[in-house]
Amino acid sequence: MKKIINLLLAMLVVVITQAQQNIPNGDFEDWGVHVTETLDNWEVTGNVAASSESVSGKKSLRLENKISDKSRGYISTGPFIGNRLQGIPYDEQPLSIRFKAKYNLALGDQAQFAAIFSLKGNTLAFANLTIEGTSKDTFGYFSIPITWSLSTNPDSVAIIVSSLNLESQEFNGDGYIIFDDIHFATISTRNKEIPNGDFENWSEETRPDLLNWYTTDDYLLDLVGFKNPFPLVKQSNKGRSGSKGLELTTKKLGDDLLPGMIISGESFVDVDRPTIPMNHRWTYLEGYYQYKPVAGDSAFIAAVFFKTGIPVGSVEVTIDKEATSYTYFAEEISFYSSIEPDSVVVFITSSNADNPQGDGSWLMIDDIRFTDQISNVFDLNLNRLYVYPNPFTSTIHLDGIDQIIGSDYSITDVAGKPIKAGKLSRSLTIDLNDEAAGVYVLHITGKHVNTSKILIKE
């Protein structure tokens with residue numbers, strides 16, 4: 001009998017869970033591993049990837065322009081500090097820079113290669129080349145002359161390679177350029193090699209990946225190639241109902257405050273490209289949170305419903321008060337007309353994305369979903385309404401809290417047959433001694449409560 005009861009209980013739990021998860025991975029239990037291949041010895045930004053199309057060796061460098069999000073790819077020997085690109089140690093005087101490239105750029109777009117040789121911060125020589133059009137699926141050979149202003153050996157060289165002209169920054173369409181074997185030369189002799197100038201050396205980096213959501217950390221890595229050592233979005237082992245929850249933190253990066261943010265989909269551009277199919281006019285958005293604001297900050301949760309790409313409804317939740325334990329929220333969704341939606345996008349941030357205030361503002365979020373009836377402000381499992389023992393043999397005890405005393409309760413069998421009913425008191429004992437062993441359901445309803453709990457009689 002006990003095996004049958006446990007099987008029924010497991011089936012009921014699966015059905016309830018599937019019904020509640022109308023926001024994919026809204027309980028933040030599902031995580032994968034994001035693997036990123038990064039180029040050694042170079043600073044990378046944007047659409048940078050290894051390519052197996054190479055002239056020498058096994059790998060080359062591929063940079064792409066994407067018109068959809070106006071992103072490009074470029075690499076450099078170091079970051080910009082002020083308006084000056086940082087270089088690498090180099091003490092020879094080559095006469096040219098040579099490389100091979102294969103490319104197909106949109107009409108009007110230009111890729112660019114530039115190098116500056118310096119001595120104690122003073123420019124001694126430079127080389128610059130723009131590339132446009134197409135190489136018709138073959139590698140072309142390039143040799144750029146280096147113009148020296150002084151016949152003096154440098155102490156450094158700064159190099160930048162970009163799929164788009166650095167000055168115009170104009171996008172006309174999708175395109176790519178593949179570079180291989182960048183090196184310095186003097187007539188027919190190769191000079192001292194550029195570290196990883198043949199693009200053979202790449203490293204794999206892994207990090208937890210929140211499935212079905214796009215995060216601030218994804219954005220930093222995709223747009224500027226930056227892997228934040230202190231993730232703004234991370235997995236928590238202190239979930240409300242499961243083993244995991246989600247932590248979002250606002251951090252100062254350079255001179256900017258950047259919130260921890262997630263959006264349903266694969267890009268922050270998806271804020272007006274909803275990725276969750278949705279054909280029901282839900283009444284509420286609900287969930288649970290903890291929050292520690294800094295400097296008057298506020299967290300923000302929002303959803304926008306669409307019909308054929310046009311907004312037809314929305315809901316916004318602003319959180320500005322500290323909450324040190326999981327706190328329930330429910331906000332009514334506003335629909336602009338009687339039209340049923342076909343999709344929705346959900347957005348969550350640890351600070352106001354337009355005006356973050358506090359370095360360190362922290363949001364823990366879990367169990368977000370849409371619903372037609374506010375589920376349970378005072379959750380049976382987590383907010384001190386205790387039902388025990390369970391499983392039981394004859395009687396069960398309910399110890400409640402003030403906010404739900406007086407709510408109606410009823411007990412039915414799994415077929416819905418009424419067994420018992422009454423009002424909740426602070427401490428209530430229900431006698432089920434005359435009932436057969438099996439699975440029962442406790443229902444509690446009130447002004448702000450509507451929930452159920454499985455009971456097992458042995």
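The values are calculated or read from the model by the stated rules, or taken from the named source; none is laboratory data. Keep in mind that what you see is a predicted model, and the values were worked out from it rather than measured. Reconstructed Cβ throughout: ideal geometry from the backbone, glycine too, with neighbour counts over all protein chains shown.
Within region 278-302, track down each residue that is in contact (Cβ under 8 Å) with a residue 60 or more places away in the chain and part of a strand (DSSP E or B).
Narrowing region 278-302 to residues in contact (Cβ under 8 Å) with a residue 60 or more places away in the chain: 278-297, 299, 301.
If the condition is that a residue be in contact (Cβ under 8 Å) with a residue 60 or more places away in the chain and part of a strand (DSSP E or B), then 284, 285, 286, 287, 288, 289, 290, 291, 292, 299, 301 are the ones that fit.
Quick test for you: out of 87, 82, pick the one residue that is farther than 21 Å from residue 65 by Cα, over 31 Å from the mean Cα position of the chain (by Cα) and modelled with pLDDT under 95.
On the way: 82 fails: over 31 Å from the mean Cα position of the chain (by Cα).
One residue alone meets the criteria, 87.
Taking region 202-239 only, how many residues are in a loop (DSSP other than H, G, I, E, B), of a type in the set (D, E, K, R) and modelled with pLDDT of 85 or more? Explain how you work it out, then say what you get.
Here is the first cut: in region 202-239, the residues in a loop (DSSP other than H, G, I, E, B) are 211-212, 225-232, 237-239.
If we keep only those that are of a type in the set (D, E, K, R) as well, we get 227, 238.
So of that shortlist, the ones also modelled with pLDDT of 85 or more come out as 238.
Qualifying residue count for the region: 1.
Name the residues in region 20-42 that are over 27 Å from residue 275 (Cα atoms) and at pLDDT below 90, would you?
Restricting attention to region 20-42, the residues satisfying the condition of being over 27 Å from residue 275 (Cα atoms) are 38-42.
Selection gives 38 alone.
Being surrounded by fewer than 14 Cβ atoms within 10 Å (Cβ to Cβ), more than 19 Å from residue 22 (Cβ to Cβ) and modelled with pLDDT of 90 or more narrows it down to one residue among 299, 295; which is it?
Values: 299 fails: surrounded by fewer than 14 Cβ atoms within 10 Å (Cβ to Cβ).
It is 295.
Of 380, 432, which residue is surrounded by 12 or more Cβ atoms within 10 Å (Cβ to Cβ) and at pLDDT 80 or above? Before you say what the answer is, go through the steps one by one.
Numbers: 380 fails: at pLDDT 80 or above.
Of 380, 432, the one residue that is surrounded by 12 or more Cβ atoms within 10 Å (Cβ to Cβ) and at pLDDT 80 or above is 432.
Taking residue 129 as meeting all but one of (1) within 23 Å of residue 49 (Cβ to Cβ); (2) buried (at least 21 other Cβ atoms within 10 Å of the Cβ), write down the number of the exception.
If we test residue 129 against (1) within 23 Å of residue 49 (Cβ to Cβ); (2) buried (at least 21 other Cβ atoms within 10 Å of the Cβ), just (2) comes out false.
Would you pick out the residues in region 183-193 that are in contact (Cβ under 8 Å) with a residue 60 or more places away in the chain and not aromatic (Phe, Trp, Tyr)?
Pass one, region 183-193, residues in contact (Cβ under 8 Å) with a residue 60 or more places away in the chain: 183-187, 191-192.
If the condition is that a residue be in contact (Cβ under 8 Å) with a residue 60 or more places away in the chain and not aromatic (Phe, Trp, Tyr), then 183, 185, 186, 187, 191, 192 are the ones that fit.
Go through 343, 325, 350, 337 for me and flag whichever is farther than 18 Å from residue 276 by Cβ, of a type in the set (Ser, Thr, Tyr) and either in contact (Cβ under 8 Å) with a residue 40 or more places away in the chain or outside the structural domain of residue 291 (by TED's automatic domain parsing) (or both).
Working: 343 fails: farther than 18 Å from residue 276 by Cβ; 325 fails: either in contact (Cβ under 8 Å) with a residue 40 or more places away in the chain or outside the structural domain of residue 291 (by TED's automatic domain parsing) (or both); 337 fails: either in contact (Cβ under 8 Å) with a residue 40 or more places away in the chain or outside the structural domain of residue 291 (by TED's automatic domain parsing) (or both).
After applying the criteria, what remains is 350.
Output yes when any residue across region 271-278 is assigned by TED's automatic domain parsing to the domain that holds residue 354, out of contact with any Gly (no Cβ under 6 Å at 6 or more places or on another chain), within 30 Å of residue 101 (Cα to Cα) and at pLDDT below 85, and no when none is. Lay out the reasoning, then the answer.
From region 271-278, those assigned by TED's automatic domain parsing to the domain that holds residue 354 are 271-278; that's our starting set.
Still in the running and out of contact with any Gly (no Cβ under 6 Å at 6 or more places or on another chain): 271-274, 276-278.
Next, only the ones that are within 30 Å of residue 101 (Cα to Cα) stay: none.
No, because not a single residue in region 271-278 is assigned by TED's automatic domain parsing to the domain that holds residue 354, out of contact with any Gly (no Cβ under 6 Å at 6 or more places or on another chain), within 30 Å of residue 101 (Cα to Cα) and at pLDDT below 85.
Given the structure, is residue 329 under 20 Å from residue 233 (Cα atoms) and out of contact with any helix residue (DSSP H, G or I) (no Cβ under 8 Å at 6 or more places or on another chain)? It would help to see each step written out before you state the result.
Numbers: under 20 Å from residue 233 (Cα atoms): no; out of contact with any helix residue (DSSP H, G or I) (no Cβ under 8 Å at 6 or more places or on another chain): yes.
The answer is no for residue 329.
So which of 171, 99, 113 ends up being over 18 Å from residue 76 (Cα atoms) and surrounded by 17 or more Cβ atoms within 10 Å (Cβ to Cβ)?
Just a single option satisfies the conditions, and that option is 171.
Exactly one condition in (1) among the β-branched types (Val, Ile, Thr); (2) loosely packed, with under 14 Cβ neighbours inside 10 Å; (3) within 20 Å of residue 38 (Cβ to Cβ) is not met by residue 233; state its number.
All conditions are met except number (2).
Scanning region 307-327 for residues that are of a type outside the set (Val, Ile, Thr) and either part of a loop (DSSP other than H, G, I, E, B) or buried (at least 20 other Cβ atoms within 10 Å of the Cβ) (or both), which turns out modelled with the lowest pLDDT? Steps first, please.
At the first step, the residues of region 307-327 found to be of a type outside the set (Val, Ile, Thr) are 307, 309, 311, 313-314, 316, 320-323, 325-326.
With either part of a loop (DSSP other than H, G, I, E, B) or buried (at least 20 other Cβ atoms within 10 Å of the Cβ) (or both) added as a condition, the list becomes 309, 313, 320-322, 326.
Values: 309: 84, 313: 89, 320: 88, 321: 90, 322: 93, 326: 90.
So the residue we want is 309.
Would you confirm whether or not region 352-361 contains a residue that is surrounded by 17 or more Cβ atoms within 10 Å (Cβ to Cβ) and either β-branched (Val, Ile, Thr) or assigned to a strand (DSSP E or B) (or both)?
For region 352-361, residues surrounded by 17 or more Cβ atoms within 10 Å (Cβ to Cβ) and either β-branched (Val, Ile, Thr) or assigned to a strand (DSSP E or B) (or both): absent.
Scanning region 151-168 for residues that are closer than 16 Å to residue 115 by Cα and over 30 Å from the mean Cα position of the chain (by Cα), which turns out surrounded by the fewest Cβ atoms within 10 Å (Cβ to Cβ)?
Filtering region 151-168 down to residues closer than 16 Å to residue 115 by Cα leaves 153-167.
Next cut, over 30 Å from the mean Cα position of the chain (by Cα) only: 153-159, 167.
Details: 153: 12, 154: 22, 155: 16, 156: 19, 157: 25, 158: 21, 159: 23, 167: 9.
Once the filter is applied, the top-ranked residue is 167.
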